[in-house]
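> Quick one: structure below, then a few questions.
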Amino acid sequence: MKKISIIIPVYNKVEELRITIASILNQTLPIADLEIIVADDGSSEDIKAVTEEYTNHVLIKYLWQKDDGFRPGAARNMGIYAAEGEVSVFLDCGVILTTNCLEEHYRLYQQYGEKLVVLGYIYGCDTYSDLEEIRVIIDGHTPDEAADIMEENKMLDGRDCEGCYWQVLGDDLTKWPAPWVALWGGHFSASTRFLHDNNICFDEHFKTWGCEDNELGIQLENAGCIFVVGRKARAIHYPAKERSYDILHTNKTFRNNYKNNRQYIAKKYPNNKTVQIWAAQGDHAANVPQIVR
């Protein structure tokens, strides 16, 4: 049995996929302990051909669903159903792992057991760092070197910046009534068997950006999981042309879709008080204490 299944939902972006896979191949955990599951959300680019470039190096599974709009949750679910590793690590396409990242996910799994959700660290997902500067750092250094530089330059995980989740409330998520507010789908892990045994998967209602990862977190919390900040499970997100949170502030349709997703979750969990506060007030830094206390 493999130790780790890495589930990567993909829609085009072949170069970002290559970057992500290259970082997986350079892990301290032996390649024989890993499987990569590429879940294609109906790309027009030839994602399958990219996966075939690596078949001699690692067990890689290619799964495809037709292009029926934005469906990364359904793509991730294909990965969950196909996963055979002890731990499922979820990565966005374009996330680059430092060399001991997967080893740290597995170490935490061994330490805490099957009811564990690890929130992996993602450098460069703040709201203020210069995107071109991040690209220059990544392109000119190894992942470990780039992560160290970004740490020094305060290009941190967006949950770890001044006034944000971990700085306001600390790393001990067992003290948070709503740790799922900090679950970001770009980099986290959970026990594969726990997901399978408890029929936990992404709600495929979501067809626009935002909140499907939080909803999965609510499922995991309701099933009795504990959430742990994986500060040593370090990764970097190669920047897109524009941040989703920037689009959230500039595009009215995008913003309304996001609000609708939150309201859907509120209706799904009418008796969860923290869900109701979160849906009504938002999860910006100033509101964090109100949501989780």
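> So for region 11-161, averaging the separation of alpha carbon pairs under 8 Å that are six or more residues apart and normalising by length, what relative contact order in percent results? Don't jump to the answer; show the numbers that get you there.
On the way: 168 pairs, mean separation 37.7, N = 151.
It comes to 25 percent, rounded to a whole number.
> For Lys175, put the label point 7 Å out on the Cα→Cβ axis and report which residues of region 211-235 keep their amide N under 19 Å from it.
Output list for this probe position: 226-231.
> Here is a further query. So what's the net charge close to Ala190: Lys and Arg +1, Asp and Glu -1, counting the other residues with Cβ under 11 Å from its Cβ?
Values: positive: Lys115, Arg193; negative: Glu86, Glu114.
It works out to a net charge of 0.
> Skip the ligands, DNA and RNA, and give the accessible area per residue of the chain with a 1.4 Å probe, whole Å². Working shown, then result.
Working: 12830 Å² over 293 residues.
Each residue of the chain exposes 44 Å² on average to a 1.4 Å probe.
> Mind putting a number on the dipole of region 172-262 about its Cα centre? Charges go on the C-beta only, +1 for Lys and Arg and -1 for Asp and Glu, and I need it in Debye to the nearest 20.
Values: 12 positive and 10 negative charges, 82 e Å.
Its charge dipole is roughly 400 debye.
> Can you work out the Karplus-derived ³J(HN,Hα) for every residue in region 267-281? Use 6.51 cos²θ - 1.76 cosθ + 1.60 with θ = phi - 60°, whole Hz, and x for glycine or proline.
These are the phi-based 3J(HN,Hα) values: 6, 6, 10, x, 9, 8, 5, 5, 4, 5, 5, 4, 5, 7, 10 Hz.
> Under a point-charge model restricted to the Cβ atoms of Lys and Arg (+1) and Asp and Glu (-1), what is the dipole moment magnitude of the chain relative to its Cα centre, in debye to the nearest 20?
On the way: 30 positive and 43 negative charges, 246 e Å.
Approximately 1180 debye in magnitude.
> Next up: Could you pull out every residue, at least 5 positions away or on a different chain, whose amide H is within less than 5 Å of the one on Lys61? Hs are placed 1.01 Å off N in the peptide plane, and Pro or chain starts have none.
Amide H neighbours of Lys61: Ile36, Ile37, Val38.
> What is the packing order of peptides 153-165, 116-128, taking the mean over residues of other C-beta atoms within 10 Å and listing the highest first?
On the way: 153-165: 18.8, 116-128: 22.8.
With the highest mean Cβ count within 10 Å placed first, the list reads 116-128, 153-165.
> Provide the per-residue ³J(HN,Hα) series for region 212-218, in order, calculated from phi with Karplus coefficients 6.51, -1.76, 1.60 and θ = phi - 60°, each as a whole number of Hz, with x at glycine and proline positions.
Working through the residues one at a time gives 5, 6, 4, 5, 4, x, 5 Hz.
> Hey, any idea what % of region 1-159's accessible area is carbon plus sulfur with a 1.4 Å probe?
Details: 3190 of 6550 Å².
Within region 1-159, the accessible surface is 49 percent carbon and sulfur.
> Could you work out the helix-only [θ] at 222 nm for the chain, with each DSSP H run of four or more residues adding -39,500 (n - 2.57) and the total divided by the number of residues, to the nearest 500 deg cm²/dmol? Intermediate values should be presented prior to the final figure.
Working: 13 runs with 120 residues, N = 293.
Result for the chain, helices only: -11500 deg cm²/dmol.
> Which pairs in the list Lys232/Lys259; Lys2/Lys115; Lys207/Lys252; Lys175/Lys252 are over 25 Å apart, alpha-carbon to alpha-carbon? Write down the numbers at each step before the final one.
Working: Lys232/Lys259 33 Å; Lys2/Lys115 19 Å; Lys207/Lys252 16 Å; Lys175/Lys252 35 Å.
Over 25 Å Cα-Cα: Lys232/Lys259; Lys175/Lys252.
> Continuing with the same structure: Which whole-angstrom value gives the distance between the alpha carbon centres of region 1-39 and region 182-228?
20
> Hey, what D do you get for region 34-117 in µm²/s if you plug the Kirkwood alpha-carbon radius into Stokes-Einstein at 4 °C and 1.567 mPa s? Present the calculation step by step, with values, prior to reporting the outcome.
Values: Rh = 14.3 Å.
The Stokes-Einstein estimate is 91 µm²/s.
> How large is the charge dipole for region 43-138, taken about the Cα centre, if only the Cβ atoms of Lys, Arg (+1) and Asp, Glu (-1) carry charge, to the nearest 20 debye?
Dipole magnitude for region 43-138 comes out near 380 debye.
The values are calculated or read from the model by the stated rules, or taken from the named source; none is laboratory data. This is a predicted model, so every value here is computed, not measured. Please note: Cβ atoms are built from the backbone with ideal geometry, for glycine as well, and neighbour counts cover all protein chains shown. Keep in mind that these areas ignore ligands, DNA and RNA; they rest on the heavy atoms of the full protein, side chains included. Shrake-Rupley method; radii C 1.70, N 1.55, O 1.52, S 1.80 Å.
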